[in-house]
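Below is one structure, written out as structure tokens; the observations come after it.
Coordinate-derived values only; no laboratory data. Values in this document were obtained by computation on a predicted structure and should not be read as measured data. So basically every Cβ, Gly included, is an ideal-geometry build from the backbone, and we count neighbours across all protein chains shown.
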Amino acid sequence: MLSKAFTARAHTNIALIKYWGKKDQELILPMNSSLSLTLDHFYTDTEVYFDQALKQDVFYLNEEKQNVSKVTQFMNIVRRQAGLKVFAHISSTNHVPTMAGLASSASAYAALAMAASQAAGLQLSRRDLSRLARRGSGSACRSIYGGFVEWQRGHDDQSSFASPIEENTNWNICMIAVVIDKARKKISSRLGMQRVVETSPFYTAWMKSTERDLAAIKEAIKKRDLKKVGTIAEENAMKMHALNMSAHPHFSYFEPASIAVMHLVELLRSEGICCYYTLDAGPNVKILCSVEDSTRILDRLAARFDKEQLLVARPGPGVHLINKK
Ligand code: DP6
């Protein structure tokens, strides 16, 4: 017997205030609260149905069969909540331009949380969906919502979830992703953040200053103050990367080209263009700017990068069910 199949679409998000460190690795409870922007162009579609004939979960990503261990751990949480003992067929497609290297666990687990919980007959509120997605990957809890989203760290499984700040923002901003390297990360975010929590002498300072950054960026978003939002986001990202360089053993996600893009953004700023950068656990640089300025910025980047390395995204929607064609 097969359950009804559900397909969910979730968009990836880029943090403006970074989540970097866990206080509970099993429940994925973060050390600090974070804030992100969900993007329209990069998303994952995931279909799930339960099948009594299966002896284990089956997982396809972009039509290729994958190892299921991480996904099965996540599905066990769904099965427990639904009181189910049946395995599932899961099939995901990442809609990120092939070159991008931006495929993210955020859109993946947000889409899986929605499709799997629906197929299991659970009718979860968005808050509970966010809590569930968090168990797959912390940043996924923010992809439940569109636009600007805050993840309040909370103190236990119940109290750690994302909520929307401005779900359907009509702010004329965009994010240019400069794809520098699509290879696998040198050190996964999971391992990187854990090493930082355990060894960086600056971690307490990070926690304190991130709380301040979060409060300030929320004010600046309300006021549509791009200069302030960008400045806080850029500084917050640099603090996160400074933690990595202060860990033992130290590490860095920057490549020479990442630093070149950062310098170009600073140069453009000195020429009066309002643009700011942020980087996650990899060398790609994301530039926050207004839609009007994006063409000028892209022109300058085009001198150094191929067209396929430059992707432009705008604020995107939260997770939703779609009808499969
Ligand atoms: C740098 O959410 O991928 O992108 O919870 O271990 O799966 P896990 O980590 P993940 O980490 C994201 C880190 C980041 C910052 C952010 O998105 O807030």
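Of the trypsin sites (Lys or Arg not before Pro) in segment 1-68, the ones in a loop by DSSP (not H, G, I, E or B) with at most 10 other beta carbons within 10 Å are Lys4, Lys55.
Using Cβ point charges alone (K and R +1, D and E -1), the dipole size of the chain about the Cα centre works out to roughly 560 debye.
Note on segment 6-170: with charges restricted to the Cβ of Lys and Arg (+1) and Asp and Glu (-1), its dipole about the Cα centre is near 440 debye. Classification of segment 55-179 by its C-alpha gyration tensor yields an oblate form. The axis ratio a/c (a ≥ b ≥ c) is 1.5 or more, and b/c is at least a/b. Approximating the spin labels as points 7 Å out from Cα along Cα→Cβ, the Glu64-to-Arg224 distance works out to 4.5 nm. Shown for the chain are the DSSP H helices of 24 Å or more along their axis, judged by Cα atoms, with a mean Kyte-Doolittle hydropathy of at least -0.5: 203-222, 226-245.
Across all directions, the average flat footprint of the convex hull enclosing the Cα atoms of segment 187-325 is 11.3 nm².
Rg and Dmax over the alpha-carbon atoms of the chain stand at 19.4, 64 Å. Straight Cα distances below 29 angstrom link Lys186 to the lysines Lys18, Lys22, Lys23, Lys65, Lys70, Lys208, Lys239, Lys286, Lys307, with same-chain residues fewer than 8 positions distant left out. The dipole here belongs to segment 118-236: it is taken about the Cα centre, uses +1 on the Cβ of Lys and Arg and -1 on the Cβ of Asp and Glu, and is about 260 debye.
Packing order of peptides 71-77, 131-137, 221-227, highest average first: 131-137, 71-77, 221-227 (average count of other Cβ atoms within 10 Å over each peptide's residues).
Highest mean first, the peptides 110-122, 84-96 sorted by other C-beta atoms within 10 Å per residue fall in the order 110-122, 84-96.
Hey, if you put +1 on the Cβ of every Lys and Arg and -1 on every Asp and Glu Cβ in the chain, which of Ser69, Ile173, Ser252 ends up farthest toward the positive end of that dipole? Of the candidates, Ser69 comes out farthest on the positive side.
The sum of -39500 (n - 2.57) across all DSSP H runs of n ≥ 4, divided by the residue count of the chain, sets its helix-only mean residue ellipticity at 222 nm to -12000 deg cm²/dmol. Give the residue list of trypsin sites (Lys or Arg not before Pro) in segment 292-324 that are DSSP loop and have at most 16 other beta-carbon atoms within 10 angstrom. For trypsin sites (Lys or Arg not before Pro) across segment 292-324 that sit outside H, G, I, E and B with at most 16 neighbouring Cβ atoms in 10 Å, the list reads Arg304, Lys324.
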